[in-house]
Amino acid sequence: MKEKKTVILLLSCFLLSVFLSCSNNIDWANKTEVTLHSIIMKNAEWAMSEKPQTVTDFRCDRSAGGIHDFYSEGDYWWPNPKDSDGAYIRKDGQTNPDNFVAHRLAMIRFNKIVGALVSAYLVTGDEKYVKHAFVHINAWLTDSSTMMNPNLLYAQAIKGITTGRGIGIIDTIHLMEVAQGVACMQDAACVDKENLKAVKNWFSEYIVWMTTHQNGIDEMNAQNNHGGCWVMQLAAFAKLTGDKDKLDFCKTRYKNVLLPEQMAENGSFPREISRTKPYGYSLFNLDVMATICQILSTPDDNLWEYTTSKGLNMRKGIDFMYPYIKDKSTWTYPRDVMYWDNWPVAQPALLFAAKAYADERYFELWKSLDHEPTIEEVERNLPVRNPLIWVN
């Protein structure tokens, strides 16, 4: 009897290992492509007809910067009803529709165009998409007449208080897919190597600024999603430029700062839950942390499996939010003061986790959600909208 139990146990272990091996051999890029194929080709057709629009196409008189400087204003800051000419006052979670956001919207558009064209290139192999993508990339990053300066000195300004803040660095999360797109296209025959070098140099200069300027240091030290977004961006840009020291720094910061200081034992993010939009911010921070793991994980250093001494890891974060994404009505915390009805969408954390843990449940839930959100607030807080370029 004892020998029989041993045989059954060994057989069970063997079957489990076979199952896990098969699961880990799933072609997640192909599954993603099949799911998004019609969307990718539709968006690529649109992107091929679009001309570049950069920061030089929009100007705000309130900006302390020049024509090549990115400018935005704090979302939750409003005119003081008691002093119309005085400094703005804060209303957390309530977006002021009159603030200047044209540069941010132009950058999101840039993200969409490049992401759509790169995705279509990966699907078809047609280099016409690469050529047009670089028309936009060069307009933003290398053309001296239209390019954006590689800094965010004037982002998230507040009238009467500051001309720019470190918190504004979150706006360039929409350049991550540009960097990833360049990485996906760089070996195409049509890519000019000197031009490619100039593009990478722009990102290298931005890395220097965001890691040495006080605004960048302030953002790095932020204890909520802003600190995570700083690491996420640096990781994406450093990966493109081959900056191993910065990549190692990002891994260390994820392990020693972001995960242990932002996640609770149950996998939640208390600093996001304490905000006026706890559901949206929890989703956003989960996407940020998952994207960091997606960018930085290697076979020898898999951040998806990394667990702190207190048992915190990304699997806990995914599994905390999974039931609330599947059925938002089960959310046990306060509702968001705005945009409650617009979340969730196809959160990239689900797709990345499906690949990392070979778990079809995450993929099927991701597949069932909205892949083309149009609400401005949702687009602003969606770090990955072209997932094929990340899992290919």
Original post:
Can you tell me how many residues in segment 170-190 are open to solvent by less than 10 Å² (accessible area, probe 1.4 Å) and hydrophobic (A, V, I, L, M, F, W, C)?
Top reply: 8
Original post:
Residue check: is residue 289 modelled with pLDDT of 95 or more, under 26 Å from residue 76 (Cα atoms), crowded, with 18+ Cβ neighbours inside 10 Å and aliphatic (A, V, I, L, M)?
Top reply: yes
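Please verify whether segment 61-72 includes one or more residues that are more than 30 Å from residue 197 (Cβ to Cβ), open to solvent by 40 Å² or more (accessible area, probe 1.4 Å) and out of contact with any strand residue (DSSP E or B) (no Cβ under 9 Å at 6 or more places or on another chain).
Within segment 61-72, one or more residues are more than 30 Å from residue 197 (Cβ to Cβ), open to solvent by 40 Å² or more (accessible area, probe 1.4 Å) and out of contact with any strand residue (DSSP E or B) (no Cβ under 9 Å at 6 or more places or on another chain).
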Original post:
Which of (1) touching a Phe, Trp or Tyr at 6+ places or on another chain (Cβ under 8 Å); (2) closer than 29 Å to residue 238 by Cβ does residue 161 not meet, given it meets every other one?
Top reply: (2)
Subject >> Every pair of residues 6+ apart whose Cβ atoms lie under 8 Å, when the first sits in segment 82-105 and is within 18 Å of residue 168 (Cβ to Cβ) while the second is open to solvent by less than 40 Å² (accessible area, probe 1.4 Å) and hydrophobic (A, V, I, L, M, F, W, C) >> reply: 87/158; 88/158; 100/60; 102/60; 103/55; 103/70
Original post:
For residue 321, all conditions in the list (1) surrounded by fewer than 18 Cβ atoms within 10 Å (Cβ to Cβ); (2) farther than 30 Å from residue 99 by Cα; (3) in contact (Cβ under 8 Å) with a residue 40 or more places away in the chain hold save one; what is the number of the exception?
Top reply: (1)
**OP:** Taking only segment 174-191 into account, find how many residues are more than 25 Å from residue 61 (Cα to Cα) and either in a helix (DSSP H, G or I) or in contact with an Asp or Glu (Cβ under 6 Å, 6 or more places away or on another chain) (or both).
**Re:** 12
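Out of contact with any Phe, Trp or Tyr (no Cβ under 7 Å at 6 or more places or on another chain), open to solvent by less than 70 Å² (accessible area, probe 1.4 Å) and in contact (Cβ under 8 Å) with a residue 40 or more places away in the chain: is that true of residue 47 in this structure?
Yes: the conditions hold for residue 47.
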**OP:** Test residue 277 against the stated conditions and say whether it is closer than 26 Å to residue 141 by Cβ and either surrounded by fewer than 18 Cβ atoms within 10 Å (Cβ to Cβ) or of a type in the set (D, E, K, R) (or both).
**Re:** no
Original post:
If you go through segment 33-50 one residue at a time, how many are over 22 Å from the mean Cα position of the chain (by Cα), part of a helix (DSSP H, G or I) and among the acidic types (Asp, Glu)?
Top reply: 1
Original post:
Does residue 167 fit the bill of being assigned to a helix (DSSP H, G or I), crowded, with 16+ Cβ neighbours inside 10 Å, touching a Cys at 6+ places or on another chain (Cβ under 9 Å) and in contact (Cβ under 8 Å) with a residue 60 or more places away in the chain?
Top reply: no
Original post:
For segment 112-169, how many residues meet the condition of being more than 23 Å from the chain's Cα centre (by Cα) and among the basic types (Lys, Arg)?
Top reply: 3
Subject >> Pairs with Cβ under 7 Å, 6+ apart, first in segment 66-81 and over 14 Å from residue 101 (Cα atoms), second among the small types (Gly, Ala, Ser) and open to solvent by 10 Å² or more (accessible area, probe 1.4 Å) >> reply: 80/86; 80/87
Original post:
Got a sec? Which helices (runs of 4 or more DSSP H) wholly within segment 334-385 have at least 2 residues that are within 24 Å of residue 316 (Cβ to Cβ) and touching a residue at least 12 places away in the same chain (Cβ under 8 Å)?
Top reply: 348-357, 360-368
**OP:** Provide a single number: the residues in segment 51-68 that are touching a His at 6+ places or on another chain (Cβ under 7 Å) and part of a loop (DSSP other than H, G, I, E, B).
**Re:** 2
Original post:
Of these, 330, 298, 308, which one is surrounded by fewer than 16 Cβ atoms within 10 Å (Cβ to Cβ), free of Cβ contacts under 8 Å to residues at least 40 places away in the same chain and closer than 27 Å to residue 274 by Cβ?
Top reply: 330
**OP:** Kindly check whether there is at least one residue in segment 336-345 that is among the β-branched types (Val, Ile, Thr) and exposed (fewer than 14 other Cβ atoms within 10 Å of the Cβ).
**Re:** no
**OP:** Would you confirm whether any residue within segment 192-207 is open to solvent by 40 Å² or more (accessible area, probe 1.4 Å), under 15 Å from residue 125 (Cα atoms) and not in a helix (DSSP H, G or I)?
**Re:** no
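The values are calculated or read from the model by the stated rules, or taken from the named source; none is laboratory data. If you're wondering where the values come from, they're calculated on a predicted model, not measured in any experiment. Here Cβ is always computed from backbone atoms with ideal geometry, including for glycine, and neighbour counts include all displayed protein chains. We work out accessible area using only protein heavy atoms, side chains counted, and drop any ligands, DNA or RNA first. Shrake-Rupley method; radii C 1.70, N 1.55, O 1.52, S 1.80 Å.
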